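Structure first, then comments.
Computed from the coordinates by the stated procedures, all read-outs in this text should not be read as laboratory data. Predicted model, so just to flag it, every value in this text is computed and none were measured. Cβ sites come from the backbone with ideal geometry, for glycine too, and all protein chains shown count toward neighbours.
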Amino acid sequence: MQTEFIVQTRGSRLYEFTAEIRAWLDSVGGDGLLTLFVRHTSCSLLIQENADPEVQTDLKAFFERLVPPSDHPSMSYLRHTYEGPDDMPAHIKAAMMPVSLSIPVVKGQPVLGTWQGIYLFEHRSAPHARKVAAHLA
């Protein structure tokens, strides 16, 4: 079974889409392994805590500090800057984090921990419609 999720973003932060995945898995049912793959080079996929929003805020702040915008003096060595000061740093962040996830599925539900959610981590400032391919085998 395959489908595609579209995650609408409005700037750099984590966007949870666990509910959409659960609904699709429930409609197809069964057991297997769900593979999610984001079809972009400037965002990532994460399984992360979904109980305390401060976790998401802190993750965003950490990665912004680790990889600042290209107009920051510490990033003056970057050459790919013509798409804006957030573009090359977004590619670096996506290279550091997963762009695919594998999640077990039992009886049409993802096997996640109590506080785990599935997120797209948008690394760009502008809004995007991010495509995530899903395959249940």
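Measure off 7 Å from each Cα along the Cα-to-Cβ vector at THR35 and ILE6, then give the distance between these two points in nanometres to one decimal.
2.5
Just check the stretch 20-70 against the gyration tensor rule for me: Cα atoms, a ≥ b ≥ c as the square roots of the eigenvalues, rounded for a/c under 1.5, and otherwise prolate or oblate depending on whether a/b exceeds b/c. If you can, show how the numbers build up before the last one.
Working: a/c = 3.80, a/b = 1.88, b/c = 2.02.
It is oblate, given that a/c is not under 1.5 and a/b is not larger than b/c.
With angles folded into 0 to 90 degrees, how steeply does helix 18-28 sit against the dominant principal axis of the chain? Use alpha carbons for both and round to 10.
Taking Cα atoms only, the helix is inclined about 30 degrees.
Fewest Cβ neighbours within 10 Å first, please rank GLU16, GLU122 accordingly.
Working: GLU16 16, GLU122 26.
Listing GLU16, GLU122 from fewest to most nearby Cβ atoms yields GLU16, GLU122.
Run lengths n ≥ 4 of DSSP H only: what is the helix-derived mean residue ellipticity at 222 nm for the chain, with -39500 (n - 2.57) per run over all residues, to the nearest 500?
The helix contribution divided over the chain gives -8000 deg cm²/dmol.
Return the sequence-ordered ³J(HN,Hα) values of the stretch 71-82 in whole Hz as given by the Karplus equation 6.51 cos²θ - 1.76 cosθ + 1.60 applied to θ = phi - 60°, using x for Gly and Pro.
Per residue, the Karplus-derived 3J(HN,Hα) values read 8, 6, x, 5, 10, 5, 6, 5, 9, 7, 10, 6 Hz.
In degrees between 0 and 90, to the nearest 10, how far off the longest principal axis of the chain does helix 87-96 point, with axes built from Cα atoms?
That helix lies at roughly 50 degrees to the long axis.
Under 5 Å between amide H atoms, partner at least 5 residues away or on a different chain: which partners does HIS128 have, H built in plane at 1.01 Å?
Residues meeting the amide H criterion: THR9, ARG10, GLY11.
So if I take the centroid of the Cα atoms in the stretch 74-115 and the same for the stretch 4-39, what is the distance between those two points in Å?
15
Expressed as an acute angle from 0 to 90° and rounded to the nearest 10, what is the orientation of the C-alpha long axis of helix 53-66 relative to the principal long axis of the chain?
Compared with the principal axis, the helix lies near 40 degrees.
Among PHE62, PHE37, which comes first, then next, by fewest other beta-carbon atoms within 10 Å?
Details: PHE62 10, PHE37 15.
So the ranking, lowest neighbour count to highest, is PHE62, PHE37.
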